[in-house]
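Encoded as structure tokens, the structure appears first; notes follow it.
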Amino acid sequence: MIVWINGAFGAGKTTTARELIDLIPNSTLFDPEVIGGALTQLLPPKHLAEVGDFQDLPIWRRLVIDTAAAMLAELGGTLVVPMTLLRQEYRDEIFGGLAARRITVRHLLLAPAETILRERIAGREIPPDLPHGDIRIRQSSYDHIEPYRTALASWLTADAHPVDNGALTPHETAVRIAEAVGSGSVPVCDIVQTPEPTAETLAAGVLLFDERDRVLLVDPTYKAGWEFPGGVVEPGEAPARAGIREVAEETGIRLEDVPRLLVVDWEQPRPPGYGGLRLLFDGGRLDSAQAGRVLLPGPELRDWRFVTEQEAADLLPPVRYERLRWALRARERGAALYLEAGVPAP
């Protein structure tokens, strides 16, 4: 199990985590800041200079997942992780990656008032050996207050168990967290556990359209980025039938007819990913009554929306968007296309 302590800079995450490992039996502290420190030795300075925060590096997010999983495999018990997560897509990627390894996460938020946060930042002790470190570190902490405020207003308080530690010492905060975790007041994050593939996979997606010919996209909780309704084809299952099954499971829409194939896209293996074949089918047009019955059963999906092709470009990862673009052209022409990495093969 992981106890993830979230909060803005100055909320007291690290000091609370150090107290907490004395209160939760067989627990170990894992501070992902050490991953950022290691990356300064692993990546070229030019590459590091292109990002404003280590969290924006995909390698940082993957190493946090892999390191946490390796530590739990080595030590067992509970991992206490003090780390600010303000971008929901990063939370999805990290918590989804942990869930794929069957690691449960209990997500807590230290939420003192903003005035207290500012007071703590102003009084924070900065190591004297850092040249100009006092100014930069303090300013960076202040700069994170606005993103923290935005996250609070949009998703963070609904996702994490809040603890107002404005008037509490780190030890008192840790005691409150230990009691909440021990009593079950902090639920396990409700996120689908999708095992990572161990070989190339066959996946089937289905495009559904509204009366304005906009395409339906869904927002998974377990990975970053929007998707088409669909999923991995199970052994012995026909791909089109897999698409029908996934649409019913994810949206509540039950397709009566076998959907028409639009594209076959070969996704090249890119370690650590395995790639495989990705099929997109035309599930047809939903009338307004059918579209109004779209549901999101279970914890797998957070949201859905109908979008234009142009709007999809801002939501889908590039290769997935290219797959959609060519699927729409195939739908217009009435002929299926074969793609490689989202591009029609010669």
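The values are calculated or read from the model by the stated rules, or taken from the named source; none is laboratory data. Source: prediction; values computed, not measured. FYI the Cβ positions are ideal-geometry reconstructions off the backbone, even for glycines, and counts take in every protein chain you see. Note: areas computed on protein heavy atoms with side chains; ligands, DNA, RNA excluded. Shrake-Rupley method; radii C 1.70, N 1.55, O 1.52, S 1.80 Å.
Tell me, yes or no, whether region 224-234 has at least one residue that is in contact with a Gly (Cβ under 6 Å, 6 or more places away or on another chain), closer than 19 Å to residue 275 by Cβ, in contact (Cβ under 8 Å) with a residue 24 or more places away in the chain and not acidic (Asp, Glu).
The answer is yes; a qualifying residue exists.
Which ones in region 280-298 are open to solvent by 40 Å² or more (accessible area, probe 1.4 Å) and more than 23 Å from residue 223 (Cβ to Cβ)?
The answer is 285, 287, 288, 289, 290, 292, 293.
Given (1) surrounded by fewer than 16 Cβ atoms within 10 Å (Cβ to Cβ); (2) not in a strand (DSSP E or B), identify the lone condition not met by residue 277.
(2)
Which pairs do you get when a residue that is within 17 Å of residue 104 (Cβ to Cβ) and part of a helix (DSSP H, G or I), found in region 61-74, comes within reach of a residue that is open to solvent by 30 Å² or more (accessible area, probe 1.4 Å) and modelled with pLDDT of 95 or more, reach meaning Cβ atoms under 7 angstrom, with the pair 6+ apart or on two chains?
Cβ pairs passing all conditions: 71/28.
Within region 97-108, can one find any residue that is in contact with a strand residue (DSSP E or B) (Cβ under 7 Å, 6 or more places away or on another chain), assigned to a helix (DSSP H, G or I) and either more than 30 Å from residue 198 (Cα to Cα) or at pLDDT below 95 (or both)?
Yes, that holds for at least one residue.
Pick out the one residue from 49, 73, 113, 68 that is under 25 Å from the mean Cα position of the chain (by Cα), at pLDDT below 90 and of a type in the set (A, V, I, L, M, F, W, C).
49 is the lone residue from the list that is under 25 Å from the mean Cα position of the chain (by Cα), at pLDDT below 90 and of a type in the set (A, V, I, L, M, F, W, C).
Can you pull out the residues in region 8-17 that are open to solvent by less than 10 Å² (accessible area, probe 1.4 Å), in contact with a Pro (Cβ under 8 Å, 6 or more places away or on another chain) and part of a loop (DSSP other than H, G, I, E, B)?
The one that is open to solvent by less than 10 Å² (accessible area, probe 1.4 Å), in contact with a Pro (Cβ under 8 Å, 6 or more places away or on another chain) and part of a loop (DSSP other than H, G, I, E, B): 11.
Could you tell me how many of the residues in region 43-60 are closer than 16 Å to residue 86 by Cα, out of contact with any Phe, Trp or Tyr (no Cβ under 8 Å at 6 or more places or on another chain) and in a helix (DSSP H, G or I)?
Going through region 43-60 one residue at a time, the tally reaches 2.
With respect to residue 138, is the statement that it is at pLDDT below 75 and of a type in the set (D, E, K, R) true?
So residue 138 passes the test.
When you go through 313, 336, 341 one by one, which is the residue that is open to solvent by 30 Å² or more (accessible area, probe 1.4 Å) and at positive phi?
341
How many residues are part of a helix (DSSP H, G or I) and either open to solvent by 80 Å² or more (accessible area, probe 1.4 Å) or basic (Lys, Arg) (or both) if we restrict to region 143-167? Steps first, answer last, please.
Within region 143-167, the first condition is being part of a helix (DSSP H, G or I), and the residues that meet it are 143, 145-159.
Narrowing the set further to residues that are either open to solvent by 80 Å² or more (accessible area, probe 1.4 Å) or basic (Lys, Arg) (or both) leaves 143, 146, 149, 153-154, 158.
So the count comes out to 6.
Can you tell me which residues in region 18-42 are farther than 20 Å from residue 66 by Cβ and assigned to a helix (DSSP H, G or I)?
Correct list: 18, 19, 20.
Out of 247, 263, which single residue is in contact (Cβ under 8 Å) with a residue 12 or more places away in the chain and under 27 Å from residue 191 (Cα atoms)? Give the steps one after another, and end with the answer.
Values: 263 fails: under 27 Å from residue 191 (Cα atoms).
Among 247, 263, only 247 is in contact (Cβ under 8 Å) with a residue 12 or more places away in the chain and under 27 Å from residue 191 (Cα atoms).
Would you check if residue 79 is of a type outside the set (Gly, Ala, Ser), in contact (Cβ under 8 Å) with a residue 40 or more places away in the chain and over 24 Å from residue 302 (Cα atoms)?
Against the criterion (of a type outside the set (Gly, Ala, Ser), in contact (Cβ under 8 Å) with a residue 40 or more places away in the chain and over 24 Å from residue 302 (Cα atoms)), residue 79 qualifies.
Find the strands (runs of 3 or more DSSP E) located wholly in region 168-263 whose residues include 2 or more that are closer than 18 Å to residue 96 by Cα and open to solvent by less than 30 Å² (accessible area, probe 1.4 Å), and list them.
215-220, 230-232
Name the pairs: first residue in region 24-52 and more than 21 Å from residue 6 (Cα to Cα), second residue open to solvent by 40 Å² or more (accessible area, probe 1.4 Å) and of a type in the set (Val, Ile, Thr), Cβ to Cβ under 7 Å, at least 6 apart or on different chains?
Partner pairs satisfying both residue conditions: 39/59; 48/40.
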